[in-house]
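The structure appears below as structure tokens.
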Amino acid sequence: MNWPAMYERARASDESAAGYYNRNVGVLTDEGKVNVRIPLEAADTMDVRMWREEEVLACVAPYVSRAPALRHVSREPRFQVHAFVEGRVLDGFAPRGSAVPAHVVDDVVTLMEQLVRIPREKAPALPAGWPESGDGAGFGRRLAALTQQVYDTYAGDYGAVFREFGIPAEPLAVVASRWDTLTARPFTVLHSDLHRKNMIVSGGRTWFLDWELALWGDPLYELAVHFHKMDYPPEQRAEVLRRWRERLPADRTAGAEPDLGLHLAHERIKSAIVDTVRYAKQLAAADPAGRAYLTGRLARKLNVARAVWGAPPEMTRERVARALAPWVGN
């Protein structure tokens, strides 16, 4: 396979799907379609990232039944080639807040069950100073430290907007003293980004994409991030939690309440800060309908975070649009 030529075809293509860290381009070859995954050079780091994605895919391949196969990795230029997963993106027919097909609930819990079976020695090397297995407080503080760093980095340019949105000058103070209350749970490999745009449904089965944010950490964090980003109807959220408790080892699910609430509180705070910056940057390139969607969605995220800070849910799409008007331009 001529990988450099494939990369050039992908780089020149106008047809791609981009997340916050990578651009994905489907390329047809004599051996079938593949996904060429190219890092976005100007991506802002808003999430804890500890491993290269190709390391994660190699690690999970023997244990996880539906993750994309890694075909090729290039260091220079930097890109990966994954097997292309045909199917429908879950978000395309079951958007955030709506019910998902019943099999998706089972597939999600199956994935979490498969991940906890990966032995520590089979996972990639940990960064220096990474919390020891079971140190949920250290893990939580590691996550919160990056959230604080993002706030500090953008407070100069976005400080007035943060204040307008009700984001406190010390946004993490409300959770800082609670990390020590977490139950000790053995760590495991986490996907850490299980949401509807990272799931492909094909033939009644769910495939899980985008492993770039995988971590070694508290399995309850996986569930919290998933709940935050999926926004299930209450009955499906309860079903996921019930199955998760039944199918994962007891030591991985111990103390789920109120620990789940603490991780959710952090995710809501993080979302208010990170998405204020991300959406402000996206508004400049959006058409009127896109701007209405972004400002409405951000208003909802802000109101959820405001509840964590004890503030009333007073953000509206119009109020968000006025505050972010300087980023829209003409």
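The values are calculated or read from the model by the stated rules, or taken from the named source; none is laboratory data. Quick caveat: nothing in here was measured; it's all calculated off a predicted structure. Positions of Cβ are backbone-derived with ideal geometry, glycine not excepted, and every protein chain shown enters the neighbour counts.
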**OP:** List every residue pair whose Cβ atoms lie under 6 Å apart, where the two residues are 6 or more positions apart in sequence or sit on different chains, the first residue falls within the range 215-232 and is of a type in the set (K, R), and the second residue, located anywhere, is surrounded by fewer than 24 Cβ atoms within 10 Å (Cβ to Cβ).
**Re:** K229/H195
Original post:
Just to be sure, is R52 over 14 Å from L209 (Cβ atoms) and surrounded by 15 or more Cβ atoms within 10 Å (Cβ to Cβ)?
Top reply: yes
Subject >> Residues satisfying the stated conditions in the range 178-223, i.e. of a type in the set (S, T, N, Q) and under 13 Å from R49 (Cα atoms) >> reply: S192
Subject >> Number of the exception - A289 against (1) crowded, with 21+ Cβ neighbours inside 10 Å; (2) without any contact (Cβ under 8 Å) to a residue 40 or more places away in the chain >> reply: (1)
**OP:** For the range 265-286, state whether one or more residues are in contact with a Gly (Cβ under 9 Å, 6 or more places away or on another chain), part of a helix (DSSP H, G or I) and without any contact (Cβ under 8 Å) to a residue 24 or more places away in the chain.
**Re:** yes
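Considering only the range 9-17, I want to know if a residue exists there that is surrounded by fewer than 18 Cβ atoms within 10 Å (Cβ to Cβ) and under 30 Å from L143 (Cα atoms). Explain how you work it out, then say what you get.
Let us first name the residues in the range 9-17 that are surrounded by fewer than 18 Cβ atoms within 10 Å (Cβ to Cβ), namely 9, 11-17.
Narrowing the set further to residues that are under 30 Å from L143 (Cα atoms) leaves 17.
Looking through the range 9-17, at least one residue is surrounded by fewer than 18 Cβ atoms within 10 Å (Cβ to Cβ) and under 30 Å from L143 (Cα atoms).
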Original post:
Within the group Y21, Y63, which residue is surrounded by 12 or more Cβ atoms within 10 Å (Cβ to Cβ) and touching a strand residue (DSSP E or B) at 6+ places or on another chain (Cβ under 7 Å)?
Top reply: Y21
Original post:
What number of residues in the range 275-286 are surrounded by fewer than 21 Cβ atoms within 10 Å (Cβ to Cβ) and under 24 Å from S192 (Cβ atoms)?
Top reply: 6
Original post:
So which residues in the range 305-321 are surrounded by 18 or more Cβ atoms within 10 Å (Cβ to Cβ) and either over 14 Å from V161 (Cα atoms) or of a type in the set (K, R) (or both)?
Top reply: A305, R306, V308
**OP:** Please list, ordered by first then second residue, the pairs with beta carbon atoms under 9 Å, 6 or more apart or interchain, first in the range 12-24 and among the charged types (D, E, K, R), second assigned to a strand (DSSP E or B) and at pLDDT below 90.
**Re:** R23/A17
Subject >> Residues within the range 66-82 that are in contact with a Leu (Cβ under 9 Å, 6 or more places away or on another chain) and surrounded by 15 or more Cβ atoms within 10 Å (Cβ to Cβ), tallied >> reply: 7
Original post:
If you go through the range 140-197, how many residues are under 22 Å from P312 (Cα atoms) and of a type in the set (G, A, S)?
Top reply: 6
Subject >> Where a residue in the range 143-161 is touching a residue at least 40 places away in the same chain (Cβ under 8 Å) and farther than 16 Å from Y279 by Cα and its partner, wherever it lies, is among the small types (G, A, S) and part of a helix (DSSP H, G or I), with Cβ under 9 Å and at least six apart >> reply: A144/A176
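Listed here are the residues, each with its yes/no results for (1) under 16 Å from V56 (Cα atoms); (2) surrounded by fewer than 22 Cβ atoms within 10 Å (Cβ to Cβ).
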position	(1), (2)
V189	yes, no
H195	no, yes
M199	no, no
G203	no, yes
L223	no, no
K229	no, yes
E235	no, yes
Original post:
Residues in the range 303-319: is at least one touching an Asp or Glu at 6+ places or on another chain (Cβ under 9 Å), farther than 19 Å from K229 by Cβ and either assigned to a helix (DSSP H, G or I) or at pLDDT below 95 (or both)?
Top reply: yes
